[in-house]
Amino acid sequence: MAIIEFGEDFRWGVATAAYQIEGGVTEGGRGPSIWDTFSHTPGKVLNGDNGDVACDSYHRFEEDIQLMKELGVDVYRFSVSWPRIFPNGKGEVNREGLDYYHRLVDELLANGIEPMCTLYHWDLPQALQDIGGWDNRETVEAFVAYAELMFQEFSGKIHSWLTINEPWCVSFLSNYIGAHAPGNQDLGLAVTISHHLLLAHGKAVAKFREMKTGGKIGFAPNVTWLEAYSNSGEDMDACRRGMGWMIDWFLDPVFKGKYPEFMVEWFADREATLAIEEGDMEWIQQPVDFIGINYYESNVARHNKNSGMLQVEGIDMGYKKTDIGWYINAEGFYKVLTFIADKYGNIPIYITENGICINDDVEKGTVDDQRRVDYLKAHVTAVARSIKSGVNLKGYITWSLLDNFEWAEGYSKRFGLVHVNYRTLERTKKESFYWYQKLVNNHWLEV
């Protein structure tokens, strides 16, 4: 056995998102979001599930914070429900919604847990979608106003902020592939939305700097790694497109002030062009303090002209799969982290999501989720390798504290360290909970 050590200043955490755990969708003055609309539309979410109750964390956050305290984590990454703060997306502020998050943050601080706040984790107010959503630049300005209020309201309490979670999912998965709310299938629309998301991010960062409230700010793209099936030019180009769609498209504008030309040309050939207005790129290129990286899977891939818009085809190399069907390959985690560091420099990085769907259930009062332990061990080892290779990694936040509403998959997929019985809402700590507890308290890993 070998011991891998992490420094005492390395931060460990868990993550959730508002719509996935809170419930209470009509309580406390909250307005409807696009996920309320989408999940109540027949055929959009598996089994007709919705987030009306979810894990009921709106009423049980004290109980969930005690789980985190027992776990021993330093950081809780959570998201704010925009329609709890602005039921109509903008205009009148809902004080009751702000008070809820004050209670949550105060309880975290009282228990020695640092709050890391994500401003946008997909629950756009439906009132803004009704005027075009992220396709409308009014939504960009509404987001900045929402961010400004949050910065002002929680100055001195929250010191770590993320503007937007997984902009690829918000734009392409939701508006080109159509799998998530609002469910559009238009490549040109998705490209426009991706630009507006980055613009909203940049303007929010600029507002944060202007207000001088203290703390640090970044955003959280989701990334993958595609290993070329061969060293042929076509296979390597296909993999670059696959990764460029998620990585370069969202990081180049922030760190280099321009979109990757190879992707701009690819989209333009498919009649999806960017509409960049004067000053947009300067807003987007606002310096960030860190980036959050969300990583779940990687694969081997090759060119196939008949395989979707990107003409990239995954190859089954015999990797094990999670219960949501994603390939398990921790080597890809190491490779994508070193790739990002090599391309974008020494920017501080937090792993803001990494975890596995394992649908093990409670048996005799416990959940023996050894496959989750194995996954986490391999991926935390990849984090240690990355640090040793010079990646400026500051912390690791696993997804997720709780089993929860897994978007279009409803309640059929479980990612939590804590099992949730969706009928009784009872929480049961899994074996992975105790494994992670040992890791975060020892700051070392035995492999």
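The values are calculated or read from the model by the stated rules, or taken from the named source; none is laboratory data. Computed from a predicted model, the values in this text were never measured in an experiment. Cβ atoms come from the backbone with ideal geometry, glycine included; neighbour counts cover every protein chain shown. For the accessible areas, the whole protein counts, side chains as well, though only heavy atoms, and no ligand, DNA or RNA atoms are used. Shrake-Rupley method; radii C 1.70, N 1.55, O 1.52, S 1.80 Å.
Some notes on this structure:
- Taking all Cα pairs closer than 8 Å and separated by 6 or more residues, the relative contact order of the stretch 97-185 comes to 31 percent.
- Accessible area per residue, Å², the chain with all protein chains present, probe 1.4 Å: 38 Å²
- Highest-MSF residue in the chain out of 110, 54, 408 [GNM, Cα springs under 10 Å]: 110
- Full extension of the segment from residue 443 to residue 27, taken as 0.36 nm per residue of separation minus the current Cα-Cα distance, would add 145.7 nm.
- In nm, spacing of pseudo-spin labels at residue 421 and residue 321 (7 Å Cα→C-beta vector): 3.1 nm
- For the chain, adding -39500 (n - 2.57) for each run of n ≥ 4 DSSP H residues and dividing by the number of residues yields -12000 deg cm²/dmol at 222 nm.
- Loop-located GluC sites (Glu not before Pro) across the stretch 1-30 with a Cβ neighbour count of 16 or fewer within 10 Å are 8, 27, with loop assigned by DSSP.
- Anchor residue 207: lysines whose Cα lies under 16 Å away (excluding residues fewer than 8 positions away in-chain): 216
- Pairs from the list 335/388; 321/438; 335/394 with a Cα-Cα gap above 19 Å: 321/438.
- Per-pair calculated FRET efficiency, R0 = 45 Å: residue 366 and residue 394 via Cβ, rounded to 0.05: 0.85
- Other residues whose C-beta falls under 12 angstrom from the C-beta of residue 436 contribute a net charge of +2, scoring Lys and Arg +1 and Asp and Glu -1.
- Cα-based reach from residue 256 at 16 Å (exclusive), listing lysines while leaving out same-chain residues under 8 positions away: 343
- The residues neighbouring residue 148, those whose beta-carbon lies less than 11 Å from its own, together hold a net charge of -1 under the Lys/Arg +1, Asp/Glu -1 convention.
- Here the chain has 46 percent of its accessible surface on carbon and sulfur atoms, given a 1.4 Å probe and all protein chains in place.
- Highest mobility in the GNM of the chain, judged by mean-square fluctuation with C-alpha springs under 10 Å and restricted to 172, 255, 333, is found for 255.
- The relative contact order of the chain, computed from alpha carbon pairs under 8 Å that lie at least 6 residues apart in sequence, is 19 percent.
- Estimated inter-spin distance, residue 145 and residue 304, nm [label 7 Å along Cα→Cβ]: 4.8 nm
- Centre separation in Å (Cα based) which lies between the stretch 1-48 and the stretch 204-231: 19 Å
- GNM result for the chain, Cα springs below 10 Å: residue of 426, 353, 166 fluctuating most strongly: 426
- Distance between the 7 Å Cα→Cβ label points at residue 130 and residue 59: 2.8 nm.
- Whole-number D in µm²/s for the chain (Stokes-Einstein; Kirkwood sum over Cα pairs; 10 °C, 1.306 mPa s): 72 µm²/s
- Each DSSP beta bridge with both residues in the chain is either parallel or antiparallel, and the antiparallel ones are about 25%.
- Value of relative contact order over the stretch 105-243, rounded to a whole percent, pairs C-alpha under 8 Å and six or more apart: 26 percent
- Taking a sphere under 13 Å around the Cβ of residue 323 and counting the other residues whose Cβ falls inside, with K and R at +1 and D and E at -1, yields a net charge of -1.
- Taking the centroid of alpha carbons for each part, the stretch 130-171 and the stretch 346-414 are 26 Å apart.
- At full extension, residue 9 and residue 159 could sit 52.4 nm farther apart than now, given 0.36 nm per residue minus the alpha carbon distance.
- If the chain linking residue 261 and residue 88 were pulled fully straight, counting 0.36 nm for each residue of separation and taking away their Cα-Cα distance, it would gain 58.5 nm.
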